[in-house]
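Below: the structure, in structure tokens.
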Amino acid sequence: MEIEISVVGWAMTLLDVRYDLGMKLLKLAVNLGAIAGFIGIALALQLPRLNQKLAGQTPEADRQLVEQERARLQLFKNLPASGLGLNNVISNLTFLNFLQYFGDEKARVESKTGYTLSPYYFEIIVDRDPRFLYSYLFLSTSVSIYAGQAQRAIEMYSKGLKSLSPEQMAYAYTVWRRKGVDQLLFLGDVKGAMESNFKAADWAKRGKFGPDLNFGSQGLSEAKGDLARQFRETAEFLRDSLNSNDAKKVAENIKRARIASWSDVLQYGVDKRTREIAAIELSKLDVDVEFKEDGTFKLTPRQFP
């Protein structure tokens, strides 16, 4: 039997946030003397990319730029752990470079270079400034969906959470929540998602919500609700589903959700490697993938409950 699975749009709109985010990051750069030298190095590393863009954007040029960017990111990653006292700046510049990379649809989609560098950006961001909560909004979408590397995203969440606490950053619960979503929808890790939601409930209860450096003077509107209760109920549902009479039915529903999630990866992951990852994961879920010459795909379940 052949079925068409609708793809849920997970992509975030970047254009609306770039201006405000840019202003915010500029305000963070207070040590002008030290930063000037670092920015000079960063600009020198980027000039070949900008010149090549001005000279004309071709698939071959885009592939070369990806390799140059990979080398540049490796250079940033290998900087001393102290970051020469500029870890926040390194993280901010890396995030701005990520926005440029992610937003270059011509290179990513038309030239089919894909989004495989996304994890490299966020490894640097999380290593250098794990308290940059705003960046986590983009981590799951870009790494789990567009690059098809949910396990890597979860590892970055886990690493970042070691440096966060709800008393210091009220909205840190959002990282637990996103980790739980990826654990459930991509890995099918019900126990892990349950634990993450219990943690999100605990942190949401302990946080003092209000104006926030990451989320602005109004904070997050969702914090006006009873978040702790919502996360706790989700966690309890997952816990009860493991041993309830409806365990089989719940497992089938989670399986369907995972199929939809990995179908999103097929939709948005335009490069060959990412699509192969998604096809392998869908095969584990008893779904065969047929790629067509026009770039579309068809999903055929081996068994349909």
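Derivation of every value follows stated rules applied to the coordinates shown; laboratory data play no part. Just so it is clear, the model here is predicted, and its values are computed rather than measured. Cβ sites come from the backbone with ideal geometry, for glycine too, and all protein chains shown count toward neighbours.
Please give the FRET efficiency for LYS106 paired with GLU233, using the beta carbon to beta carbon distance and R0 = 41 Å, rounded to the nearest 0.05. Mind showing how you got there, number by number?
Details: r = 44 Å, r/R0 = 1.08.
In this case the efficiency is close to 0.40.
What length, rounded to one decimal in nm, is gained on full extension from THR296 through to ASP246, with 0.36 nm per residue of separation minus their alpha-carbon distance?
14.4 nm
Taking the Cα centre of the stretch 131-261 as origin, work out the dipole magnitude from +1 charges on Lys and Arg Cβ and -1 charges on Asp and Glu Cβ, in debye rounded to 20. Don't jump to the answer; show the numbers that get you there.
Working: 21 positive and 14 negative charges, 31 e Å.
In total the dipole reaches around 140 debye.
What's the exposure ranking of ARG239, ARG177, going from fewest to most Cβ atoms within 10 Å? All intermediate terms of the calculation are to be shown ahead of the outcome.
Numbers: ARG239 16, ARG177 23.
Final ranking by Cβ density, sparse to dense: ARG239, ARG177.
Within the stretch 104-140, find all residues whose amide N lies under 17 Å from a label point positioned 7 Å from the Cα of GLU60 along Cα-to-beta-carbon.
111-113
If you average 1/r over every pair of different alpha-carbon atoms in the stretch 131-261 and take one over that average, what Kirkwood value in Å do you get?
Kirkwood hydrodynamic radius for the stretch 131-261: 15.2 Å.
Sticking with the crude label model, points 7 Å out along Cα→Cβ, report the distance from GLN68 to GLU155 in nm, one decimal please.
Spacing of the two 7 Å Cα→Cβ label points: 2.9 nm.
Just want the ordering: VAL250, VAL89, VAL143, from fewest to most Cβ atoms lying within 10 Å of their own Cβ.
Working: VAL250 16, VAL89 23, VAL143 28.
Going from sparsest to densest Cβ surroundings: VAL250, VAL89, VAL143.
What nm value, rounded to one decimal, do you get for the distance between LYS205 and ASN253 when each label is placed 7 Å out toward the C-beta?
Label at LYS205, label at ASN253, 2.4 nm between them.
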